[in-house]
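All of the numbers you see were taken from the coordinates with simple rules; none came from a lab. None of the values given here were measured: they were computed from a predicted structure. Cβ placement follows ideal geometry from the backbone for every residue including glycine, while neighbour counts extend to all protein chains displayed.
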Amino acid sequence: MLDQELSRAGQTYRPSLEVRGLEDVPRPVVPLAIDFPDGHIIPPHTHRRAQLIYAARGVMTVSVTQAKGGAKGGGGGGLWVIPPQRALWMPAGIDHSIRMTGAVEMRTLYLAGVAASRLPADCRVVAVSPLLRELILRAMGIPPLYDEDGPDGRLMAVVLDQLRVLPVMPLHLPMPEDRRLAGICRALLDDLSDNRPLAAWARQAGASISTLGRLFRDGTGMGFTAWRQQARLVRALELLAAGRPVTLVALDLGYDSVSAFIAMFRRAFGVPPARYFRD
C-alpha cells in the first residue's frame with residue numbers, strides 16, 4: 001500500500017491519511033495492518049476510536065504526552081514499550097507518537113465507542129494469548145465493511161471478548177510533570193548506566209532527599225530506585241530488539257554483572273532475555 005512505500009522511503013507516515021476513512025466505517029471493530037522500517041517515527045497524533053496496537057514483529061515505543069487518569073493509576077503520560085507478541089490498549093483521544101525499533105509489523109484494531117465502553121479507560125501494555133494472536137492476524141484479512149451477522153462479525157465478537165480478560169504487563173514508564181523531576185528523569189534516560197543514588201540527584205537539584213523522594217512518588221507513582229529499574233527494563237527491550245548482545249545491554253544499563261541484568265529481566269518476564277526474543 002502507499003503508506004508502506006512512504007515509510008520505506010523514509011518519508012513521514014501520517015495516520016490521518018489512512019485512518020480517517022477507517023474511523024468512519026460503521027463497524028464496532030476495524031482492522032489495519034502496516035509495516036514500518038527500523039527507526040521510523042510516527043509523529044504525535046490522536047484517534048477518535050480506541051486502539052489495540054499489536055506488535056507482530058519488532059518493538060514499538062509509544063510516547064504519551066498526556067493521558068487520562070493520574071500517574072499513580074498508570075494512566076498518566078509517559079512511555080509504553082510494546083515488544084513482540086504484546087499489545088498496547090489505548091483509549092480514544094490520547095495524543096501519542098510511536099518510534100519503531102527493528103522492522104515492525106504493526107497490527108491495529110480500531111474500536112468504536114460502544115465496543116470499547118467495557119474496556120479500560122487508561123493506557124496499558126497487555127499480554128496477548130495465542131488465541132488472541134491468531135484472531136488478530138485473521139482479522140487483518142477481513143474487509144472493513146464485513147457482515148456483522150456472518151462469520152467475520154462473529155470473529156470480531158470473539159476478539160472483543162478476549163480483550164476484556166488480558167493480563168497487564170509492567171511496561172509503562174511514567175514521566176513526571178514537575179520540572180525539576182522531569183529534568184532528572186531525562187538525564188537518567190540519556191545515561192541509564194548512571195548509578196548515582198538519590199542523595200546525589202537531590203544535591204544537584206537543590207532539594208532534600210525526602211523532598212525528591214516525595215516528588216518521585218507523587219509524580220510517577222513509584223520510588224526513585226523502582227523508576228530507574230523500570231526505565232532500564234524499557235530500554236533493554238529496545239536494545240535487545242535492535243540486536244545488541246545481552247552482555248553489552250547489561251553494561252549499557254549500568255549493571256555490575258550480566259547475571260544481575262538477566263535476573264532482573266527474568267523477574268519481569270519469566271524468561272531470560274535471549275529466550276524472550278527467540279520465543
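Among T247, T101, which comes first, then next, by fewest other beta-carbon atoms within 10 Å?
Working: T247 12, T101 23.
Going from least to most buried by this count: T247, T101.
Here's the picture: charge each Lys and Arg Cβ at +1 and each Asp and Glu Cβ at -1 in segment 176-278, and of L198, F277, S257 the one pushed furthest to the positive end of that dipole is F277.
Compute the Cα gyration tensor for segment 96-202, then decide on rounded, prolate or oblate, letting a ≥ b ≥ c be the square roots of its eigenvalues: rounded whenever a/c is under 1.5, prolate when a/b is larger than b/c in the other cases, and oblate in all that remain. Show your work: numbers first, answer last.
On the way: a/c = 3.10, a/b = 2.58, b/c = 1.20.
Prolate.
In the chain the longest region clear of trypsin sites (Lys or Arg not before Pro) that are loop-assigned by DSSP and have at most 15 other C-beta atoms within 10 Å covers 165-279. Scanning the chain for GluC sites (Glu not before Pro) lying in DSSP loops with no more than 16 further Cβ atoms inside 10 Å, the longest uninterrupted stretch between such sites is 24-147.
Converting phi to 3J(HN,Hα) with the Karplus coefficients 6.51, -1.76 and 1.60 and the offset θ = phi - 60°, segment 111-118 yields 10, 5, x, 5, 5, 8, 5, 9 Hz in sequence order, with x at every glycine or proline. Considering only T46, L173, T211, and ranking their Cα positions along the charge dipole of the chain that arises from unit charges at the beta-carbon of Lys, Arg, Asp and Glu, the one farthest toward the positive end is T211. With angles folded into 0 to 90 degrees, how steeply does helix 151-163 sit against the dominant principal axis of the chain? Use alpha carbons for both and round to 10. That works out to roughly 20 degrees.
Volume per residue of the convex hull around the Cα atoms, evaluated for the chain, comes out as 124 Å³. A rounded overall shape is assigned to segment 92-147, the ratio a/c of its alpha-carbon gyration tensor axes (a ≥ b ≥ c) being less than 1.5.
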